Amino acid sequence: MGKCSKDKRDLYYRKAKEQGWRARSAFKLLQLNSQFGLLDGVSRVVDLCAAPGSWSQVLARTLPADTAKIVSVDLQPIAPIEGVVTLQADITHRSTLESIFELFGGEPADLVISDGAPDVTGLHDLDEYIQAQLLLSALSLATSMLKPGGAFVAKIFRGRDVDLLYSQLALLFERVACAKPRSSRASSLEAFVVCQGYVPRAGWVPPSLAVAARPALCAPLVPASAAAAAAERVVAPFVACGDLSDYDADASYPAAGAAALDPVQAPTAPPYKTALELKRRGALN
């Protein structure tokens with residue numbers, strides 16, 4: 001979290017600092033949970049693409065500490081969070097799946113969430129495609145460890161072909177919805193797919209520990225024939241999450257008299273770290 005003037009006027013940004021969240025995205029999960037009850041009766045949760053860890057913080061504060069098992073995974077290092085096991089790993093690797101199962105004692109997960117997104121280029125078609133591939137990797141991992149009836153939540157970029165994504169997800173889950181939390185800026189293409197009631201189709205086998213050789217993570221999810229695909233086209237309901245009295249993520253609020261707040265957790269491996277080291281060496285020389 002920086003200290004630019006726009007961020008100072010973003011109430012979600014400021015409230016995240018005041019309440020001890022590592023990022024304003026924590027409010028997105030809180031509002032999704034208030035709408036769909038995602039964390040009700042949940043004991044084993046996997047947070048994919050978790051850095052810096054705001055969603056894992058929500059899980060740790062919401063779920064019972066004595067029974068809940070929370071695993072956070074990201075390619076980047078994550079600063080420790082009490083009650084959360086962090087893994088610096090690649091979600092497309094089979095070894096990551098094995099590590100999570102080991103931490104869960106061989107038990108399946110109740111919920112898999114992913115707030116991951118690529119660095120956007122501004123080319124919407126390219127950004128949407130890359131985000132879809134990231135979501136597919138998260139989905140492949142999720143369906144390998146979810147229990148029947150489990151849930152999956154992931155960030156998407158809405159585009160002209162997003163209904164195909166809904167159709168694919170509807171082949172594996174009883175209920176699929178597209179949700180837009182109030183803390184997500186309306187100017188952003190960002191939304192979240194909320195998939196509940198995991199029921200895999202007969203004959204479709206996700207990657208699993210029972211397979212000796214590493215399987216392809218991109219298993220086909222759509223029906224074989226074009227006619228069947230057209231018949232199973234799904235229009236997911238669009239749900240706005242959050243109370244109307246909540247802050248507007250696109251609005252600017254007065255910042256007069258507000259003191260600057262330090263980040264809750266400094267970046268563990270910022271991309272500008274090398275530049276700072278070079279600058280420091282130049283100053284010393």
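The values are calculated or read from the model by the stated rules, or taken from the named source; none is laboratory data. The model shown is predicted, which means the values in this text are computed figures rather than measured ones. Heads up, the Cβs are rebuilt from the backbone with ideal geometry, glycines too, and the neighbour counts pull from every protein chain shown.
If I ask for residues that are surrounded by fewer than 18 Cβ atoms within 10 Å (Cβ to Cβ) and either in contact (Cβ under 8 Å) with a residue 12 or more places away in the chain or small (Gly, Ala, Ser) (or both), which ones from the range 118-131 would you list?
Pro118, Gly122, His124, Asp125, Ile130
For the range 224-257, how many residues are at pLDDT below 70, more than 20 Å from Arg185 (Cβ to Cβ) and not hydroxyl-bearing (Ser, Thr, Tyr)?
Residues in the range 224-257 being at pLDDT below 70, more than 20 Å from Arg185 (Cβ to Cβ) and not hydroxyl-bearing (Ser, Thr, Tyr): 11 in total.
Among the residues of the range 93-140, write down those that are modelled with pLDDT under 85 and under 30 Å from Gly41 (Cα atoms).
Selection gives nothing.
Within the range 46-56, is even one residue among the hydrophobic types (A, V, I, L, M, F, W, C) and closer than 16 Å to Gly150 by Cα?
yes
Please go through (1) at pLDDT below 65; (2) assigned to a loop (DSSP other than H, G, I, E, B) for Ser187 and return the number of the only condition it doesn't satisfy.
Status for Ser187: all satisfied but (1).
Which of the residues spanning the range 56-106 are in contact with a helix residue (DSSP H, G or I) (Cβ under 8 Å, 6 or more places away or on another chain) and among the acidic types (Asp, Glu)?
Across the range 56-106, the qualifying residues are Glu82, Asp90.
Determine which member of the set Gln76, Gln31, Gln57, Gln88 is surrounded by fewer than 24 Cβ atoms within 10 Å (Cβ to Cβ), closer than 26 Å to Ala179 by Cα and touching a strand residue (DSSP E or B) at 6+ places or on another chain (Cβ under 9 Å).
Gln31 is the lone residue from the list that is surrounded by fewer than 24 Cβ atoms within 10 Å (Cβ to Cβ), closer than 26 Å to Ala179 by Cα and touching a strand residue (DSSP E or B) at 6+ places or on another chain (Cβ under 9 Å).
Kindly indicate whether any position in the range 141-149 is in a helix (DSSP H, G or I), among the hydrophobic types (A, V, I, L, M, F, W, C), surrounded by fewer than 21 Cβ atoms within 10 Å (Cβ to Cβ) and under 17 Å from the mean Cα position of the chain (by Cα).
No: the range 141-149 contains no residue that is in a helix (DSSP H, G or I), among the hydrophobic types (A, V, I, L, M, F, W, C), surrounded by fewer than 21 Cβ atoms within 10 Å (Cβ to Cβ) and under 17 Å from the mean Cα position of the chain (by Cα).
Could we say that Gly106 is within 21 Å of Phe152 (Cβ to Cβ), without any contact (Cβ under 8 Å) to a residue 60 or more places away in the chain and part of a loop (DSSP other than H, G, I, E, B) here?
yes
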